[in-house]
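The values are calculated or read from the model by the stated rules, or taken from the named source; none is laboratory data. What you see is a predicted model, and the numbers here were worked out from it, not measured in a lab. Ideal geometry is used to build each Cβ from the backbone, glycine not excepted, and the neighbour counts take in all protein chains shown.
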Amino acid sequence: MPTHRPNPILLACLLILTIIQFASLACAQDKSKNAASLTGRVVDARTGEPLAKVRVIVSGTDRETTTDDDGTFKFENLIAGKIDLYITTITFGLVKKSVTLKEGDNANFQIALNEDAAALTERVTVTTSPFESTDSSGVTQQLLNKRELQQLSSVLVNDPIRAAQALPGVSANDDYRSEFSVRGAPFDRVGLYLDGVLTENFVHTVGGGYLDSGSVSVINADTVDSMSLMSGGFPSKYGDRSGAILEIQTRDGNRVKPTGRVQLALTGLAGVVDGPLGKKRGSYLVAARKSFVGYLVRRFNDQLNPGNSPPVINVADFQAKAVYDLTRRNQVGVSLIFGNFVFDETTDRNLLGINQVLHGSTRNVLVNGHWSFTRDPHLFWQTRVFGLRATFKNTNRLDKSLLDERRTQFGVRSDLNYQIRGNKIETGLYVRRLNVDSLAQRFDFFGTTAFDEGTFKHSGAEQAYYLQNTWTDEHLRMSFTGGIRVEHSGVTRETKFSPRGSFAWSIDDKWKVSAAAGRYYQFPDFNLMFGLFGNPALKSEHSTLFSGSLERLIGNRTRILAEVYDRKESSLFFSLNEPRLTGRLVTFGGPPFQNSLNGYARGFEITVQRRSANKLAGWISYGYSRTKLADGQDKINFVSDSDQRHTLNVYGNYRFTDTWNFSSEWRYGSGQPVPGFFGRDSQGYFLVNQRNQIRLPYYSRVDVRLSKAFLFKKAKLTLTAEVLNLLNRNNARYAGFQFYFFDGRVQGQLQRVLPILPSAGIVLDF
């Protein structure tokens with residue numbers, strides 16, 4: 001038989017296949033030796049609440065997952081060693097976390113996720129209640145967290161003060177203005193504290209108090225850390241306001257890594273960049289916003305006033321902040337806020353009235369430096385040195401000044417907190433000097449003769465000192481706060497003492513009872529003393545407040561809050577310088593301002609609120625209010641200009657998935673008075689001899705907002721579409737009437753505010 005010799009090519013192929021098989025087995029065994037699993041948990045950095053529906057991506061691979069209802073996630077068969085995780089979800093920021101994996105299981109790994117536009121931090125703040133407050137001694141306090149602030153500020157204008165318009169007890173019926181009223185008190189009686197500084201006129205607007213103008217906050221919502229409204233019973237550290245306190249705290253830059261946020265909307269562009277300083281011993285933050293508000297004005301004008309040429313409005317502001325730890329106990333910081341507003345009437349100047357504004361500009365500057373000393377967890381001392389300047393300039397068609405005003409204040413604030421044996425002792429001072437240099441004039445028909453309307457130059461100092469103690473017994477679930485504030489005005493030559501106190505008792509884990517009482521003073525603005533109808537003899541106005549509340553928790557994230565209040569008003573500023581019917585004669589003008597108004601504001605509020613980082617969050621709030629004022633000089637009675645009997649504020653937010661979020665807001669008001677001596681019949685308006693007799697139509701506005709996020713490994717892109725006044729409700733405001741006839745008839749109508757208004761925006765986080 002013939003012998004067959006092996007084919008050398010076939011043998012070579014078999015040898016190669018054998019080597020490949022052994023190599024594959026070896027690699028598989030080697031991989032199994034290096035395999036690792038990772039189990040983690042994502043929580044809200046502010047509250048410690050577990051976050052569901054959060055996307056977790058392993059960089060450099062195609063591996064990704066989402067957290068469950070407990071905020072947990074798990075990866076199997078990862079390669080041991082260092083990996084990078086990117087974590088994010090809609091309405092929350094983007095976090096990068098580097099992890100070194102060991103072979104086997106890697107469990108109990110926790111990641112803190114921050115809300116949109118919040119300072120990036122790796123620490124978790126665990127709170128005992130989702131309804132946290134910025135000041136434990138403030139009984140009546142409504143706090144907006146970062147997500148609520150972002151949703152309610154609106155893509156269109158990015159205004160944090162407008163976000164407060166949705167809070168319980170707040171009435172706001174003018175879509176063009178940031179200002180609002182609280183429990184029958186107008187905005188000039190609400191103290192706006194920005195990083196501890198009491199600001200005045202800190203909005204973009206046309207100076208001079210034109211009723212038909214609008215306003216936008218100088219503050220960029222992306223730079224705000226928290227905002228709190230104290231509608232009554234505010235503690236002794238706040239003063240010089242008799243209605244309420246709106247406290248805004250801007251955020252520091254983060255100390256983890258440089259981050260950025262850019263927002264592009266139909267009305268402009270905004271951006272924020274922040275990051276660490278000096279080996280993470282400090283931080284910086286820089287923000288800018290440029291808004292033309294042209295879309296809003298054109299949209300409104302084209303629908304309601306076709307053929308007219310709308311004005312050009314430009315809004316720009318800039319913010320910068322830096323903090324640095326000199327030592328573990330000492331920190332210094334400085335912040336700058338600058339805002340510029342320009343109004344240009346595009347109508348032919350020859351068609352404008354001689355006293356109508358052709359060009360208006362407003363500038364605001366706030367410089368605020370602080371030094372903080374923390375000796376230990378029991379003692380904290382902070383001192384601020386600040387300066388503010390606001391300038392207003394309006395010119396007419398002849399380029400002559402209608403208003404040229406400069407308002408300046410500078411001062412120092414120092415606060416000391418000390419805790420010992422259940423007592424929190426707070427004391428401090430607030431000293432400032434105010435300067436106002438104002439030129440206000442009107443011209444005759446030919447524009448040749450100017451008439452003075454309150455030109456003055458004046459300055460003066462105000463001082464305030466306070467002492468307060470809060471005693472807390474955790475065993476009894478009870479706390480008492482008592483304090484006094486002493487205020488002195490060098491202009492009115494008054495020294496006022498304001499006793500204040502509050503009480504809170506948690507009956508059990510579900511029920512809580514609170515009460516507060518206090519006296520509050522407000523010194524007159526220089527314009528009321530030295531401007532048009534000014535009275536240099538004017539003294540401070542004051543109010544005495546009593547309030548009580550009952551709170552019931554339902555589960556861990558929902559509460560029902562009921563509150564009643566009674567605010568007694570005394571010596572309020574008032575002047576009858578309005579057109580009215582006296583007998584059969586139409587009269588204009590009136591006496592200078594007097595401390596002639598006395599009265600009250602009474603009512604109750606009921607709020608149902610759910611606060612959670614998952615699923616549905618928001619509130620439903622109903623408020624009933626009655627006010628009555630009596631003019632002691634002219635013996636007339638009327639309701640407050642801000643009186644609104646029924647107010648309903650509803651807000652809701654729902655995060656459907658890791659990329660979709662929906663929010664909506666509904667504000668309803670039964671209508672505030674048309675301020676003045678007006679009556680109305682089928683032919684229109686006419687003058688009467690009683691004040692605040694007719695009201696605006698009821699106000700109702702529904703806004704909706706839908707956001708979609710696109711999640712990348714190193715960035716997040718969010719597209720947002722919103723519709724203001726979704727139901728196209730024909731809301732109106734009083735913006736002044738045009739002419740008064742000798743028979744008492746009035747020419748003019750109420751002015752419609754926003755029609756249905758769609759908008760869209762893009763936000764890039766990196």
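If you check 137, 153 for being of a type in the set (Ser, Thr, Tyr), farther than 22 Å from residue 555 by Cα, surrounded by 21 or more Cβ atoms within 10 Å (Cβ to Cβ) and modelled with pLDDT under 80, only one passes: 137.
Within the stretch 515-527, can one find any residue that is farther than 22 Å from residue 238 by Cβ and either assigned by TED's automatic domain parsing to the domain that holds residue 170 or modelled with pLDDT of 90 or more (or both)? Yes: the stretch 515-527 contains one or more residues that are farther than 22 Å from residue 238 by Cβ and either assigned by TED's automatic domain parsing to the domain that holds residue 170 or modelled with pLDDT of 90 or more (or both).
Scanning the stretch 230-244 for residues that are farther than 27 Å from residue 753 by Cα and part of a strand (DSSP E or B) yields 230, 232. With the condition kept exactly as written, say whether any residue in the stretch 677-687 is crowded, with 20+ Cβ neighbours inside 10 Å and touching a Leu at 6+ places or on another chain (Cβ under 6 Å). Looking for residues that are crowded, with 20+ Cβ neighbours inside 10 Å and touching a Leu at 6+ places or on another chain (Cβ under 6 Å), one finds at least one in the stretch 677-687, hence yes. When residue 445 is tested against (1) out of contact with any Asp or Glu (no Cβ under 8 Å at 6 or more places or on another chain); (2) under 27 Å from residue 415 (Cβ atoms), exactly one condition is not met: (2). In this entry, residue 447 is excluded by the filter for residues that are touching a residue at least 12 places away in the same chain (Cβ under 8 Å), small (Gly, Ala, Ser) and in a strand (DSSP E or B). Residues that are at pLDDT below 80, of a type in the set (S, T, N, Q) and within 28 Å of the chain's Cα centre (by Cα) were ranked within the stretch 103-125; the one that is nearest to residue 158 (Cα to Cα) is 121. If you filter the stretch 378-418 down to residues that are among the polar types (S, T, N, Q) and under 29 Å from the mean Cα position of the chain (by Cα), you find that the one that is farthest from residue 362 (Cα to Cα) is 417. Scanning the stretch 261-294 for residues that are farther than 30 Å from residue 330 by Cβ and outside any strand (DSSP E or B), we see that the one that is farthest from the chain's Cα centre (by Cα) is 294. Would you check which residues across the stretch 505-532 are surrounded by fewer than 21 Cβ atoms within 10 Å (Cβ to Cβ) and in a strand (DSSP E or B) and list them? Listed by number, the residues that qualify are 505, 506, 511, 512, 513, 514, 515, 517, 519. Counted as qualifying within the stretch 175-229 are the strands (runs of 3 or more DSSP E) with 2 or more residues that are in contact (Cβ under 8 Å) with a residue 24 or more places away in the chain and in contact with a Leu (Cβ under 6 Å, 6 or more places away or on another chain), namely 190-194.
Yes/no per residue for (1) of a type in the set (A, V, I, L, M, F, W, C); (2) at pLDDT below 95; (3) over 30 Å from residue 285 (Cβ atoms):
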position	(1), (2), (3)
305	no, yes, yes
313	yes, yes, no
320	yes, no, no
328	no, yes, no
336	yes, no, no
348	no, yes, yes
355	no, yes, yes
366	yes, no, no
375	no, yes, no
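For (1) in contact (Cβ under 8 Å) with a residue 60 or more places away in the chain; (2) buried (at least 19 other Cβ atoms within 10 Å of the Cβ); (3) part of a loop (DSSP other than H, G, I, E, B), each residue gets a yes or a no:
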| position | (1), (2), (3) |
| --- | --- |
| 355 | yes, no, yes |
| 373 | no, no, no |
| 386 | yes, yes, no |
| 394 | yes, yes, no |
| 397 | no, yes, yes |
| 407 | yes, yes, no |
| 415 | yes, no, no |
| 434 | yes, yes, no |
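In this entry, residue 442 is excluded by the filter for residues that are of a type outside the set (S, T, N, Q), touching a residue at least 12 places away in the same chain (Cβ under 8 Å) and not in a strand (DSSP E or B).
Scanning the stretch 558-590 for residues that are at pLDDT 85 or above and part of a loop (DSSP other than H, G, I, E, B), we see that the one that is nearest to residue 519 (Cα to Cα) is 575. Screening 100, 72, 67, 91 for residues that are at positive phi, polar (S, T, N, Q) and modelled with pLDDT of 75 or more leaves exactly one candidate, 91.
Within the stretch 493-503, the set of residues being among the charged types (D, E, K, R) and crowded, with 16+ Cβ neighbours inside 10 Å comprises 496, 500. What residue, of 375, 421, is basic (Lys, Arg), at negative phi and over 25 Å from the mean Cα position of the chain (by Cα)? Answer to the selection: 375. For the structure I just gave you, tell me whether residue 472 is closer than 30 Å to residue 375 by Cα and more than 29 Å from the chain's Cα centre (by Cα). Taking the combined requirement at face value, the residue satisfies it. Screening the candidates 544, 492, 472, 481 for the property of being part of a loop (DSSP other than H, G, I, E, B) and either touching a strand residue (DSSP E or B) at 6+ places or on another chain (Cβ under 9 Å) or at pLDDT 95 or above (or both) yields one hit, 492. Checking the condition surrounded by fewer than 18 Cβ atoms within 10 Å (Cβ to Cβ) and either under 22 Å from residue 245 (Cα atoms) or not assigned by TED's automatic domain parsing to the domain that holds residue 235 (or both), which residue from 482, 490 passes? After ruling out the rest, the residue left standing is 482. The test for being surrounded by fewer than 18 Cβ atoms within 10 Å (Cβ to Cβ), farther than 30 Å from residue 371 by Cα and modelled with pLDDT under 90 holds for residue 264. Could you check how many residues of the stretch 321-340 are in a strand (DSSP E or B) and in contact with an Asp or Glu (Cβ under 9 Å, 6 or more places away or on another chain)? The qualifying residues number 11. Within the stretch 315-353, the set of residues being in contact (Cβ under 8 Å) with a residue 60 or more places away in the chain, out of contact with any Lys or Arg (no Cβ under 8 Å at 6 or more places or on another chain) and hydrophobic (A, V, I, L, M, F, W, C) comprises 322, 323, 337, 343. Selection of the stretch 646-668 for residues being surrounded by 18 or more Cβ atoms within 10 Å (Cβ to Cβ), more than 23 Å from the chain's Cα centre (by Cα) and of a type outside the set (Val, Ile, Thr) yields only 658. Only one entry in 244, 270 is aliphatic (A, V, I, L, M) and surrounded by fewer than 24 Cβ atoms within 10 Å (Cβ to Cβ), namely 270.
If you scan the stretch 698-725, which residues turn out to be modelled with pLDDT of 95 or more and part of a loop (DSSP other than H, G, I, E, B)? Result: 698, single match. Is there any pair linking a residue in the stretch 611-632 that is touching a residue at least 12 places away in the same chain (Cβ under 8 Å) and surrounded by fewer than 23 Cβ atoms within 10 Å (Cβ to Cβ) to one that is outside any strand (DSSP E or B) and of a type in the set (Val, Ile, Thr), with Cβ under 7 Å and at least six apart or on different chains, and which? Pairs found: 628/639.
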